[in-house]
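None of the figures in this text is laboratory data; all of them are computed from the coordinates on show. Predicted, not measured: the structure shown is a model, and the values here were computed from it. Because the Cβ atoms are built from the backbone with ideal geometry, glycine has one as well, and the counts that use them run over all protein chains shown.
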Amino acid sequence: MTYLADVAALTRKDLRVELRGRDTLPAMLLFVLSTLVVFHFALPEGSGETAAYGLLWVAIVFTALLGLARAWVPEQEHRVLDGLVLAPCDRSAIWLGKTLATLVFLLAAQAVALPAFVLFFEPLDAAALGGVLLADVGICAVGSLMSAMAVAGRSREVLLPLLVLPLAIPLIVGGVGAAVSAEPERFLLFVLLYDAVFAVLSWASFEYVVTE
Amino acid sequence: MGLALVLALIVAPEDADQGISQRIFYIHVPIALTAYFCFGLGAIKALLLLWRGEERYDLESYVAIHQGTIFGALTLITGSIWARASWGVWWTWSSNQLVLFLVLFLFYCAYFMLRFSLEDGPRRARSSAVYALFGVALIPVSFLAIRLASDFIHPTVFTRDGPQMSGSMFATFLVCWGAVTFLAYVLYRVELAGKRLDADLRELREVLQ
């Protein structure tokens, strides 16, 4: 139970930092809305609904990347990470707390972006929404680990998308498939499998990334 | 190597369907398999590094992935030539193996970006090792994803009933595979020796200063 309490405390800390500083969430919101408007002009007339679903996924992945790029910056700047690593809690709790906080930001951004997508482009059915939710979990789980790696590097803003995008390709396949396919169950199951595999892998390997 | 080339170019019977261009198969597929093997080796060394914490595994993992990336790039090039010869296009998204290699190539290029961006030290070694481990998890997952995403056109040579080749073709294939694996092993040893020498020299210089 202490593990869950640690995770909850770490998540709360991130949410509180965001509430006071407002560094990440407004940027994500504005970014995703601007992207949708850009897509309206990028899609020629009559290019069809499937193209819009594809572009929605581009918007989601890049919005997540925007949030993830900021995820560990406060920790790095104020050397909080050293303190967290020294704290008497399991290191993977740090990863889980950050993943949950990033997930909350991403869901909040999507709470605005998805209705806007329906308004501007095409309706979304339950399978498409399920795909978005499941893929969010995968992106945040893998992304918060990659972001912790990248933040120690010299060129962290450039590095993060390079690290995450090849790993996100299966999620995009699953998400787009769930939105456009006639039998979305296969794709949802695939995204669920991805989440399970990579969440366990990230959970197990986080400790090695942050310790000196 | 020489024997493999002779067998592949002259001895093996021509494919009735594809003619001369099919001969690139004897180079393309062994290179692809060797690339997978190198990535797997890199991941095993990475796992050993995380597990045992011995520093030498870092360099071994890095060199194995470096070789894998070189062979992966060669796979893309030979695959592209083969695609041009038999389908008339330099690139096709319907070939699952080629798309998978493109994804892997991007992934492992990012591995090098990560390595060159971090400061030398145990943290870089461990981060690289974790990323290398993600790579071997990504291979089957991406393969599944690409297969889900597209229809299946690439000629399937290895099915559940075993290889679909005649005896002499299969023998040639095996010799080529052995030759390419041997080449990869020699390159791996040479690069590892060079990198070790480099590290020793740097240490020596620091001691002298």
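Listed values, structure above:
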{"read-out": "Of the GluC sites (Glu not before Pro) in region B:30-76, those whose Cβ has at most 13 other Cβ within 10 Å and which sit in DSSP loop", "value": "B:E54, B:E55"}
{"read-out": "Part-to-part distance (alpha-carbon centres) for region A:1-68 and region A:104-131, which is given in Å", "value": "11 Å"}
{"read-out": "Sites B:W91 and A:F62, calculated FRET efficiency, Cβ-Cβ separation with R0 25 Å, nearest 0.05", "value": "0.50"}
{"read-out": "Rounded to whole Hz, the Karplus (6.51, -1.76, 1.60) HN-Hα couplings of region A:100-107, x for glycine and proline", "value": "5, 4, 5, 4, 4, 4, 5, 5"}
{"read-out": "Estimated Rh, the protein assembly as shown: Kirkwood, alpha-carbon pairs, angstrom", "value": "23.5 Å"}
{"read-out": "Approximate spin-label separation A:L192-B:L174, in nm, with each point projected 7 Å along Cα-to-Cβ", "value": "4.4 nm"}
{"read-out": "Per-bin percent of Cα-Cα distances, region A:94-184 [10 Å]", "value": "16, 40, 33, 11, 1"}
{"read-out": "Label-point separation in nm, B:E54 to A:S47, each point 7 Å along Cα→Cβ", "value": "5.5 nm"}
{"read-out": "Under 23 Å from B:K195, Cα to Cα: lysines that are on another chain or at least 8 residues apart", "value": "B:K45"}
{"read-out": "Estimated vicinal HN-Hα couplings, Hz - region B:38-50 in sequence order (Karplus 6.51, -1.76, 1.60; Gly, Pro = x)", "value": "5, 4, x, 4, x, 5, 5, 4, 5, 4, 4, 4, 5"}
{"read-out": "Binned Cα-Cα distances of region B:22-208, short to long, each 10 Å bin given as a whole percent", "value": "9, 31, 33, 18, 7, 2, 0"}
{"read-out": "Label point 7 Å beyond Cα of B:L187 along Cβ direction - residues of region B:71-95 with amide nitrogen under 13 Å", "value": "B:71-78"}
{"read-out": "Kirkwood hydrodynamic radius (C-alpha pairs) into Stokes-Einstein, region A:2-210, 4 °C and 1.567 mPa s, D in µm²/s", "value": "74 µm²/s"}
{"read-out": "Max mean-square fluctuation residue, GNM over chain A, Cα-Cα springs under 10 Å, options A:G153, A:G97, A:G138", "value": "A:G153"}
{"read-out": "B:L197-A:V38 pseudo-label distance in nm [points 7 Å out on the Cα-to-Cβ vector]", "value": "4.9 nm"}
{"read-out": "Pairs of alpha carbons in region A:28-75 whose separation is greater than 13 Å (percent)", "value": "59 percent"}
{"read-out": "Per DSSP, loop GluC sites (Glu not before Pro) in region A:1-95 with at most 16 further Cβ within 10 Å", "value": "A:E45"}
{"read-out": "Karplus (6.51, -1.76, 1.60) ³J(HN,Hα), θ = phi - 60°, over region A:122-137, in Hz, Gly and Pro reported as x", "value": "10, x, 10, 9, 5, 5, 5, 5, x, x, 4, 4, 5, 5, 4, 4"}
{"read-out": "Those trypsin sites (Lys or Arg not before Pro) in region A:7-41 that DSSP places in a loop and that have at most 16 other beta carbons within 10 Å", "value": "A:R22"}
{"read-out": "Partners for A:K13 among lysines (Cα-Cα distance below 17 Å; same-chain residues under 8 apart left out)", "value": "A:K98"}
{"read-out": "Using alpha-carbon coordinates, inclination of helix A:156-180 to the longest axis of chain A, degrees", "value": "40 degrees"}
